[in-house]
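> Okay, here's the structure, questions in a sec.
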Amino acid sequence: MNEDASILVVDDNEDNRYTLKRRLKRMGLKKVVEAENGQEALNQVELHDFDMILLDIMMPIMDGYEVLKRLRSEKRFLNIPIIMISALSDVEDVVKAIDLGADDYLLKPFNPVLLRAKVEASLVKKRLFEIEKNFYRDYDECTQLAKPDLFVGSLDGEMRNNPDTTFAVYYFKFTTYHQLSQSTGHEDAEKYIKHCSVILKKTFAGENYYFGRLADDAIAIFSIAKECHFLIDQINFEQQVLKLLDEPVSNNDKTLRGTSQIHLGICLTTPKLHNGEQLIANSAFACETAINNNKKVAYYDQDTHEKTLAKFKLEPKLKQALFDKKLVMYYQPIVLGTTGEIKTFEALIRWPTETGMISPGEFIPLAEETGLILDLDDYVMTSVCAQIGLWRKQHPNFKFSVGINISARHWADSQLSEKVLKLLALNDLPGHFLKLEMTESALVGDIKSVRSNFEVLQNNGVQIALDDFGTGYASLSYLLDFPFNVLKIDRVFIVDIETDEQKQKLLPAILQISKSLNMESIIEGVETKEQVDIVNQCKGDLIQGFYFYKPSPVDVINQLSIFK
Ligand code: C2E
Ligand code: MG
Ligand code: MG
């Protein structure tokens, strides 16, 4: 008998409470608390952790049924064994109480032998429940694998005790888990991960592999590195492990599977890396790399990791800079190839920091990944429209259009055209002062909004340019579908064109397409006199390149002769 068990005796009859208390004490149970009605019982339950309750049915203020109902409706009280106390004549009430969740009953007057047996049984039940609860504090209920804290602790312990041994962490991510969870429900997803855990345990049988469930959709294994040698061989991994995991899991009449959605990241200890948590984080990172690169397996690579971390650090800074309006617009003049006369501009964003200028090549992809690009584009459109408005005010003859880069995500936003038209109105600008640039990536996928933005803007006089032509993956047929005003031919066709005969043939062919579809051409990245000559021979229209002008801030642009 657990003598430290604490017991609540609830009865309105003082004699009954006294008898029970005395008998319990005789059994060695010293912690007995009394309550004389249901309400008081509930108050006591809030104050103490009871291991058992002896509960009378008929009581004033609040009867035993009500107490029972309230206790069983709360998760934290569900597992306190409750023995109902009833008079012999009310034995039917006991049935009702059992239905409401009572564990057992005792009839008055008390039979000491029965009382002892029932109290002992209830306390054993409570103890078993405690043991189970403690087990599931450390182990996942569904897979019976260690939870993260235990897994990390065990790995740390092994690493500490075996400082000269190389350990490996294998991090499996089951993307199918979330698909199942969203489509057929949480239960199916749990069944699926259980199936995966069984297969992994079968594959890595033995004491040398330690398993943990580290997330809903992730199972990790650690071991001494050489134990998992066959795993390190990717072909073996795919043949042995993934094949096994591909066994259909049948759940009633449904079949769950999804090998193609399983990825593995691997990280080994190095002399410098002796921290379990870090090792696991690295293997999880490797797994993300595998997912991002469409591979099944990836090893941890410190270089990639550091770059990714640096990128994450950059994001809040970029957000702040955008909020503080620290990003500035540069403008690059675009000229007529034959005369060098300025015809138009492209606005290019710049991020000045204490350590120098961060190039858009670095932060635009980050903004695209994080969604910040929509705010960034808004900022650019607002600044550029205001700048054109200002130039027009200062120079009544100002006649240049300015190109703005608009991200693919923004082209797919149904609000884009409305936003642009508002900005034009706000700055009193006719549409032809703006040239919005789009890359081919905007034309892949769902293009309904892209098309409507395109049409509305073009109908309002805004010119639309296809940027970086020749670098995307879209099929050429979109050129027939979308009547672009301008084709910006990417720098790749110009680099080394002086010596590259293929490029010398390709450029005029591209220019021919541009002409036959009535698009004006801009050739990007022209850096030398020779390149200018070649472009002119091929009859290109406009040139954007360092040979003529570099992108510059407004105060430099204002010095140009066109503003004099
Ligand atoms: P892009 O739209 O194709 O812009 C042309 C890029 O070529 C600019 O790079 C420009 O500085 C560079 N360039 C111009 N002439 C030459 C040349 O002769 N030689 C070489 N090597 N480069 C030349 P930048 O400013 O670094 O911008 C890179 C890309 O970042 C842009 O490519 C564009 O995709 C994106 N970007 C720049 N500003 C913005 C912006 O305001 N919003 C958005 N969404 N994207 C922007
Ligand atoms: Mg551009
Ligand atoms: Mg470009």
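> Find which of N293, L487, F312 sits farthest along the positive direction of the dipole of the chain, computed with +1 on the beta-carbon of Lys and Arg, -1 on that of Asp and Glu, about the Cα centre.
Value computed over the given set: L487.
> Next question, about the same structure. Got a number for carbon plus sulfur as a percent of the chain's accessible area, 1.4 Å probe?
Ligands and nucleic acids excluded, carbon and sulfur give 51 percent.
> Work out, step by step, the length gained on full extension between D481 and L150: first 0.36 nm times the residue separation, then minus their alpha carbon distance; give nm to one decimal.
In short, 113.3 nm is gained.
> Which Cα, out of A35, T344, A442, lies furthest along the positive dipole direction of the chain (beta carbon charges, K/R +1, D/E -1)?
T344
> Here's another thing I want to ask about it. Say R0 is 30 Å: what FRET efficiency, to the nearest 0.05, do K31 and A205 get from their beta-carbon distance?
According to the calculation, E is roughly 0.05.
> Return the distance in nm (one decimal) between the two label points of a simple spin-label model at T355 and E132, each offset 7 Å from Cα along Cα→Cβ.
Roughly 5.6 nm, to one decimal.
> Taking Cα centroids, how far is region 386-458 from region 105-129 in Å?
About 81 Å separates the Cα centre of region 386-458 from the one of region 105-129.
> If you stretched the chain out fully between A425 and Q537, how much longer would it get, using 0.36 nm times the residue separation minus the C-alpha to C-alpha distance?
36.2 nm
> Pop out the ³J(HN,Hα) list for region 418-432 in order, Karplus 6.51 cos²θ - 1.76 cosθ + 1.60 with θ = phi - 60°, rounded to Hz; leave Gly and Pro as x.
My calculation for region 418-432 gives 4, 4, 5, 4, 5, 5, 4, 4, 4, 9, 6, 10, x, x, 5 Hz in order.
> Here is a follow-up. Let me spell out the model: positive unit charges on the Cβ of Lys and Arg, negative unit charges on the Cβ of Asp and Glu, origin at the Cα centre of the chain. What dipole size does that give, in debye rounded to 20?
460
> Please list, ordered by chain and number, the residues whose modelled amide H lies under 5 Å from the amide H of T344; skip anything fewer than 5 residues away on the same chain.
For T344, the qualifying residues are I334.
> Can you give me the long-range amide H partners of M58? Hydrogens built in the peptide plane at 1.01 Å from N, cutoff under 5 Å, separation of 5 or more residues or another chain.
G64
> Quick one: net charge around Y139, please, counting Lys, Arg +1 and Asp, Glu -1 for every other residue with C-beta under 14 Å from its C-beta.
With Lys, Arg at +1 and Asp, Glu at -1, the net is +1.
> What ³J(HN,Hα) values, in whole Hz, does the Karplus curve 6.51 cos²θ - 1.76 cosθ + 1.60 give for region 373-379 when θ = phi - 60°, with x put for Gly and Pro?
Karplus values, whole Hz, x for Gly and Pro: 4, 5, 5, 5, 4, 4, 4.
> Which pairs in the list K126/K147; K307/K529; K399/K448; K295/K505; K194/K296; K325/K399 are over 30 Å apart, alpha-carbon to alpha-carbon?
Flagged as over cut-off: K307/K529; K399/K448; K295/K505.
> Using only DSSP helix segments of four residues or longer, with each worth -39500 (n - 2.57), what per-residue ellipticity at 222 nm results for the chain after dividing by its residue count and rounding to 500?
After summing the helix terms and dividing by the residues of the chain, the value is -13500 deg cm²/dmol.
> May I ask you to work out the translational diffusion coefficient for the chain at 37 °C, viscosity 0.692 mPa s, via Stokes-Einstein with Rh from the Kirkwood sum over Cα pairs, reported in whole µm²/s?
107
> So for region 328-456: antiparallel DSSP bridges make up what percent, rounded to the nearest 5?
60
> Obtain the nm distance between the two label points defined at T270 and K69 by a simple spin-label model: each point lies 7 Å from its Cα along the Cα-to-C-beta direction.
Modelled inter-label distance: 6.6 nm.
> Once phi is turned into ³J(HN,Hα) by the Karplus curve 6.51 cos²θ - 1.76 cosθ + 1.60 with θ = phi - 60°, what whole-Hz value does each residue of region 81-87 show in order, with x for glycine and proline?
Running phi through 6.51 cos²θ - 1.76 cosθ + 1.60 with θ = phi - 60° gives x, 10, 9, 7, 10, 8, 6 Hz.
> Return the FRET efficiency for the residue pair L309, D90: r is the Cβ-Cβ distance, R0 is 51 Å, and the value is rounded to the nearest 0.05.
Computed FRET efficiency for L309 and D90 comes out at 0.15.
> Another question, then. Counting DSSP beta bridges with both partners in the chain, what percentage is antiparallel, nearest 5?
The antiparallel fraction comes to roughly 45 percent.
> Please list the non-local residues whose amide H lies under 5 Å from the amide H of F167, H modeled 1.01 Å from N, same-chain partners needing a gap of 5 or more.
For F167, whose amide H was placed from the backbone, the distant partners under 5 Å are A225, T269.
> Could you state the accessible area per residue of the chain in Å², with a 1.4 Å probe and every protein chain left in place?
51
> To the nearest Å, what is the center-to-center distance of region 53-91 and region 485-564, using C-alpha atoms only?
88
> Let me ask something additional. Put +1 on the Cβ of every Lys and Arg and -1 on every Asp and Glu Cβ in the chain; which of F323, Q261, F433 then has its Cα farthest towards the positive end of the dipole?
F433
The values are calculated or read from the model by the stated rules, or taken from the named source; none is laboratory data. Bear in mind the structure is a predicted one, so any value in this text is a computation, not a measurement. Neighbour counts are summed over all protein chains in view; Cβ atoms, including those assigned to glycine, are modelled from backbone coordinates with ideal geometry. Areas reflect the complete protein model, heavy atoms only, side chains present, ligands, DNA and RNA absent. Shrake-Rupley method; radii C 1.70, N 1.55, O 1.52, S 1.80 Å.
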